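J.: Pasting a structure here, questions to come.
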Amino acid sequence: MKKIFLFLFVFLGNYVGLQAQDDARSRAIVDKLMTKAKAWNSFEADFTSRLLNTKDKLDLKQEGSMKVKGKKFRLVLDKNTVINDGTTLYTYNKESNEVNLSDPAEMDQELDPTKLFTQYEKGFKSSFVDEKADASGVVVQTIKLFPMDPAKKAYHTVVITVDKNKVEPKSIEVIYKDGNVVTYQLKKFTANPELADALFTFDKSKFPGVEVNDMR
């Protein structure tokens, strides 16, 4: 379960570097994102992820989607579906037709999709990189984030591009100390969509023969 969240949502965590200086322009971008994100009761997004390590000749690409409503979420990545209904965390693997049940409180809070944006607010310093139009003509602002306590983090830098007009992230690149580089590209993002509560429940009847492992 943790590997799934790490691969998808490590970019939700705190980012930093003691040598970096928090500049006014990058801080303003982060603050705008925080203000807007706190007003969202729900959101959904489709994305692509890529794990690259040149030294190890690793290049893994995946498609994913997420739906978040309050403290509940539904995350789909390749053959894995993770659902938090507010009381139980369900991690389902299509290939094995097996679901593990666990306590949401045991999940690493830095990897919680419901905190996708708000975790940017504290624990890092930032640096402005540039502002320019991307290939589709959208004006994006790029900033770098660095952990204020880098010794406790597996990564040292996060590069984020933000849609200037919508104040929404377009891509996130996480650079790890071990040479791994994970990039997330948001293909579609919708704020405050109407999401049915049924999306955040695991209905065993829809998974014939599923093996249930209650790990609570």
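J.: Exactly one of these conditions fails for residue 39: (1) in contact with a Phe, Trp or Tyr (Cβ under 9 Å, 6 or more places away or on another chain); (2) more than 19 Å from residue 211 (Cα to Cα). Give me its number.
T.: Just one mismatch for residue 39, condition (1).
J.: Hey, another quick one. Give the residues of the stretch 149-161 that are surrounded by fewer than 20 Cβ atoms within 10 Å (Cβ to Cβ) and either more than 20 Å from the chain's Cα centre (by Cα) or in a strand (DSSP E or B) (or both), sorted by residue number.
T.: Within the stretch 149-161, 149, 151, 156, 159 meet the criteria.
J.: Kindly indicate the residue of the stretch 61-92 that is surrounded by fewer than 17 Cβ atoms within 10 Å (Cβ to Cβ) and not charged (D, E, K, R) and also nearest to residue 208 (Cα to Cα) among those meeting that condition.
T.: Let us first name the residues in the stretch 61-92 that are surrounded by fewer than 17 Cβ atoms within 10 Å (Cβ to Cβ), namely 61-63, 65, 70-71, 78-79, 86-88.
Imposing the further condition that a residue be not charged (D, E, K, R) reduces the set to 62, 65, 70, 86-88.
Numbers: 62: 26, 65: 23, 70: 29, 86: 24, 87: 23, 88: 20 Å.
By that ranking, first place goes to 88.
J.: For the stretch 162-198, what are the residues that are small (Gly, Ala, Ser), surrounded by fewer than 18 Cβ atoms within 10 Å (Cβ to Cβ) and either in a strand (DSSP E or B) or on the phi < 0 side of the Ramachandran plot (or both)?
T.: Hits for the stretch 162-198 are 191, 196, 198.
J.: Further question on the same structure: How many of the residues making up the stretch 134-148 are surrounded by fewer than 17 Cβ atoms within 10 Å (Cβ to Cβ) and at pLDDT below 95?
T.: Result for the stretch 134-148: 5.
The values are calculated or read from the model by the stated rules, or taken from the named source; none is laboratory data. Every value quoted in this text rests on a predicted model; they were computed, and no experiment measured them. Every residue, glycine as well, gets a Cβ built from its backbone with ideal geometry; the counts of neighbours run over all protein chains shown.
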